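The values are calculated or read from the model by the stated rules, or taken from the named source; none is laboratory data. Since this is a predicted model, take the numbers as computed values, not measurements. So basically every Cβ, Gly included, is an ideal-geometry build from the backbone, and we count neighbours across all protein chains shown. Just the protein is used for accessible areas: all its heavy atoms, side chains included, with ligands, DNA and RNA removed. Shrake-Rupley method; radii C 1.70, N 1.55, O 1.52, S 1.80 Å.
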Amino acid sequence: MSEPMIHVTRGPLTESIHRGDAVVVNKYGQILASIGDPFKTTYIRSAGKPLQTLNVVVSGAADHFGFTDAEIAIMCASHYGEPFHRETILSILKKMDQPLEALQCGSTLSIKAEYAKELIASHFDLKPYNNDCSGKHSGMLATCLMKHYPLEGYTLIDHSVEQDILATIAHMCQIPAEEIALGVDGCSVPVHGMPLYNMALGFARLADPAELEEPLQMACRRVYDAMNAAPEMVAGTDGFCTELMHHTNGKLIGKLGAEAIYCIGVRDGGLGIAVKIEDGNYERALNPSVMRILEDLNILTDAELKALESFREPPVKNNLGALVGTVTPIFHLNT
């Protein structure tokens, strides 16, 4: 059962409570710590993008098209659609000789509220490269081209590229493919549901793939290194995923998913972490929860914690910018 993780205070009262679940495992599947239900089943949503991107490397597409670290990183991203993100998507498509319209993800505003307001104010003409999932879709197209799959219908679960992704996720997360619940994500591709335990295990194996067979082992290292080499691609300016990797010097990767899912892979020791906030609030409850877990595990140095201070206990402010409360983690992991 989900447990209270975050208190949102205003003055002397706790005004809101966010409950959640989380689990920490090693690459051998041993549970090291948890809170709530470590086997809570939910969708991995966009937190699964690094696992999906493994197919771009394993298929040979990454080498064939000469994708850079930045281009591989944006395939793992829920990016903000900033100019440098849009330029990177166009670079990928140019290498594949594909038009922007080949991306079947839809055209959306930035998931960063402040930047979305800028786009609205400037009457920006939204295109598929604005979509935070356009990198993932670009990777799917690359795999299709490399393996001579049809581009038509690449978002459908019975398409060969989606079946390849399903098999890779099942293998990485050590769960039979037939036990993975399948839904449709906001960007129209399949989304994969499984216990938090299996999500964490997949990220543990991604971070330390020494036990995996080649070429999957190499693909894990390439995706992990690309995300750390170009963290600005994974979210964007001031984004939590970006800042977390930017300030931790290659020790981990972190990835957000919609409805308040977060997955982390820690290279040293091959640790995987999966977090779910029950009410789906990722705007205020998720980041402080992740930071408390990293603190409990002593993964971050004092300098790293200081650099990420703004995500640990975000302030609640009134319309004039005055501090009136806090968003505070009130839990510790059970070990």
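Once amide H atoms are placed 1.01 Å from N in the peptide plane, what residues at a sequence separation of 5 or more from VAL316, or on another chain, have their amide H within under 5 Å of its amide H?
VAL324, GLY325, THR326, VAL327
Note the full-extension length gain between LEU305 and LEU90 as 0.36 nm times their separation in residues minus their Cα-Cα distance, in nm to one decimal.
Values: separation 215, 0.36 × 215 = 77.40 nm, distance 3.55 nm.
Additional length available on full extension: 73.8 nm.
Return the sequence-ordered ³J(HN,Hα) values of the stretch 21-36 in whole Hz as given by the Karplus equation 6.51 cos²θ - 1.76 cosθ + 1.60 applied to θ = phi - 60°, using x for Gly and Pro.
Computed from phi, the couplings for the stretch 21-36 are 9, 7, 8, 10, 10, 9, 5, 8, x, 7, 7, 9, 6, 6, 8, x Hz.
Using the Cα gyration tensor of the chain, with a ≥ b ≥ c the square roots of its eigenvalues, what is the shape: rounded (a/c below 1.5), prolate (a/b larger than b/c) or oblate (neither)?
Working: a/c = 1.74, a/b = 1.27, b/c = 1.37.
Cα axes put the chain in the oblate bin.
Which of the residue pairs LYS255/LYS317; LYS94/LYS255; LYS49/LYS317; LYS117/LYS255; LYS94/LYS136 have a Cα-Cα distance greater than 22 Å in the structure shown? Walk me through the intermediate numbers first.
On the way: LYS255/LYS317 27 Å; LYS94/LYS255 27 Å; LYS49/LYS317 33 Å; LYS117/LYS255 24 Å; LYS94/LYS136 16 Å.
From LYS255/LYS317; LYS94/LYS255; LYS49/LYS317; LYS117/LYS255; LYS94/LYS136, over 22 Å: LYS255/LYS317; LYS94/LYS255; LYS49/LYS317; LYS117/LYS255.
Given a 1.4 angstrom probe, what's the average accessible area per residue across the chain, in square angstrom? Walk me through the intermediate numbers first.
Numbers: 13720 Å² over 335 residues.
I get 41 Å² per residue for this part.
Could you grab the relative contact order for the stretch 219-300? Cα pairs under 8 Å, six or more apart, rounded to a whole percent. Write down the numbers at each step before the final one.
Details: 100 pairs, mean separation 14.7, N = 82.
Contact order relative to length: 18 percent.
Whole angstrom only: what separates the Cα centroid of the stretch 297-335 from the Cα centroid of the stretch 64-130?
30 Å
Between ILE120 and ASN319, what is the FRET efficiency for a Förster distance of 22 Å, r being their Cβ-Cβ separation, to the nearest 0.05?
Working: r = 20 Å, r/R0 = 0.93.
Efficiency for this residue pair is about 0.60.
Pop the C-beta distance of ASP225 and GLN30 into the FRET formula with R0 = 35 Å and round what comes out to the nearest 0.05. Walk me through the numbers before you get to the answer.
Numbers: r = 26 Å, r/R0 = 0.74.
For R0 = 35 Å, the calculated efficiency reads 0.85.
Angle, helix 134-146 long axis vs. longest principal axis of the chain, Cα atoms, 0 to 90°, nearest 10?
30 degrees
In the stretch 1-116, what percent of the accessible surface is made up of carbon and sulfur (1.4 Å probe, ligands and nucleic acids excluded)? Present the calculation step by step, with values, prior to reporting the outcome.
On the way: 2570 of 4750 Å².
Here it works out to 54 percent.
Highest mean first, how do 172-182, 191-201 rank when packing is the count of other Cβ atoms within 10 Å averaged over residues?
Values: 172-182: 15.2, 191-201: 24.7.
With the highest mean Cβ count within 10 Å placed first, the list reads 191-201, 172-182.
Grab the Cα-Cα distance for GLN163 and HIS64, subtract it from 0.36 nm times how many residues apart they are, and report the gain in nm with one decimal. Numbers along the way, then the final one.
Values: separation 99, 0.36 × 99 = 35.64 nm, distance 2.16 nm.
My answer for the length gained is 33.5 nm.
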